[in-house]
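Inspection log for the structure reproduced underneath, given as structure tokens.
Just so you know, all these numbers are worked out from the coordinates, no wet-lab data involved. What you are looking at is a predicted structure, and each value in this text was computed from that prediction instead of being measured. Cβ placement follows ideal geometry from the backbone for every residue including glycine, while neighbour counts extend to all protein chains displayed.
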Amino acid sequence: MPPEFRALSREDAIEFLEAHGIVAIKPPVRSSDFRLVTDSPFHYLLCRRYGMVPEISWSEALNRGNWFHQRFAMLHLPEAEADALYAQLLRTRLEELLDVCDRSGIDGDKKRAIISTEEQDHATSLAWYKTCNTVRISPEIGTLREFLTAPHYRPICAECLLTAEMADVTKDGWTVECVAQPDLLLYHEKQRSVWVVDYKTTSLSPVERAASCTIEPQTQHYLHILEACLRHPKFREAYHLPPDVRVGGMMHAIVQKPTIEFGMKDRDYLLDTTPLKSGPRKGEPRNEKVYQGEPRLENYIQRCADWYNGTGDYLHLAAERQAAPVVNISFTSGEALLDKTWRSQYLARLAMVNKWRMAKPDPGMFPWPVSVSGKTGRRDPYADFVLRPYTEWPEIMRQNGIAIVRRDTVLPEPEEPSDG
């Protein structure tokens, strides 16, 4: 017989969870909240309002993208200094993972696999970073590094936290605190404008990826927050900006991820040039690679450079790379802020997030995801919170290594009665 279904009352659920330290907050709105709420308000409740985060979770795309972002944040540092800092970040991360493994009872092959995967993602992302900066996007732009470090740009900050209050000016208006953490802010000395730079790694071509950048919530969110920040004298003073500074816009530096993996093809090799003894090429040198030893990162970096530029073993891609570079920049002008439709779309999206941000934290009132299998086909790490009763949530967290982590420093607030 299946277990009897027993629903908890709303008040019982909230009181029970709070008694076990699972307390909802009203966090400031981040750009990631827009997709989270659109996909599943229930996940927004768990991840943002309760702050539930798996202590060990892994997605190749997300992890490598994160390491790529961290290395690009060092763009303006001397290369040797940046490489040393990047290596230190790995050591710190491995210490964190080892600590989590020890606390979670993870040992043996599983522990070694976690460490090995992190090391490989770190090295792979470094190879992408170093080689994507060899691609000449166009004669006017040059390489990504050359463009972003041009003399007329002054770096303001990397991954600095911007905060602003956004308001709806209608009769039913609301005000909500918003935050953004741009990868990079650049001040254009000649234009007296500030540009947001965001790095994107993608499996799509940059042209395909760039098609939606202008209308994405992140672009709208970042530019609105930057506009608000530039109005404040203290912000301008902190970054030595003139009173007439304006929003330049947002650049998305889009880097297509190589389809080649670090592996056995990255071993050192000797070229076998002995003559062929038969066949149509009889007497000609074999010119076959004879691999030896273990794979080396230096070899993978060279192979990635060839893949990005259509050289070496990837010479057959040369014409394709010339026609459509796998590294490119998408520009969204700050003039988009003057467009009434573009701004109203942003406010509508913000209102949608704010609805669930302010709603009473009754799990039964937050719509569940349409599936618990996850977008990648793997089981959603939060599936058990949908499938099992609230009374088991503390145990689910313990079993699955899920901790309460507040990404933003916000104190819990007393919830006002609401119908959601």
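Farthest towards the positive end of the charge dipole of the chain, among the residues Thr341, Ala359, Ala87, is the Cα of Thr341, using unit charges on the Cβ of Lys, Arg, Asp and Glu. Computed from Cα positions, the angle between helix 10-19 and the longest principal axis of the chain comes to roughly 60 degrees.
In this label model, Tyr291 and Glu55 are separated by 3.7 nm, measuring between points 7 Å along each Cα→Cβ vector.
Taken as Cα centroids, region 102-124 and region 148-163 sit 34 Å apart, rounded to the nearest whole angstrom.
Within the chain, Cys47, Cys101, Cys132, Cys178, Cys213, Cys229, Cys304 have no other Cys Cβ under 4.7 Å of their Cβ and so lack a disulfide-compatible partner by this rule. Where only DSSP H runs of four or more residues are counted, the chain gives -12000 deg cm²/dmol as its mean residue ellipticity at 222 nm, each run worth -39500 (n - 2.57).
Listed peptides 290-299, 271-280, 319-328 appear in the order 319-328, 290-299, 271-280 once ranked by packing, highest mean of other Cβ atoms within 10 Å at the front. Scoring 159-168, 197-206, 244-253, 335-344 by mean Cβ neighbours within 10 Å over their residues and listing the highest first yields 244-253, 197-206, 159-168, 335-344. Note on Thr311 and Arg231: the extension gain reaches 24.0 nm, defined as 0.36 nm multiplied by sequence separation minus the Cα-Cα distance. P(r) tail, region 129-286: Cα-Cα pairs separated by more than 23 Å, 55% of all pairs. Between Ile215 and Met264, residue separation times 0.36 nm minus the direct Cα-Cα distance comes to 13.5 nm. In the chain, the DSSP beta bridges split such that about 75 percent are antiparallel, to the nearest 5. Got a sec? Which residues in region 224-254 would a label at Gln191 touch, if it sits 7 Å along Cα→Cβ and we count backbone N under 12 Å? The answer is 246-252, whose backbone nitrogens lie closer than 12 Å to the label point. Cross-link reach is defined here as a Cα-Cα straight distance under 24 Å, omitting same-chain residues fewer than 8 places apart; for Lys26 the lysines meeting it are Lys171, Lys355, Lys360. Compared with the dominant Cα axis of the chain, that is its longest principal axis, helix 108-132 is turned about 70°.
According to the Kirkwood relation over distinct C-alpha pairs, the hydrodynamic radius of region 98-216 is 18.7 Å.
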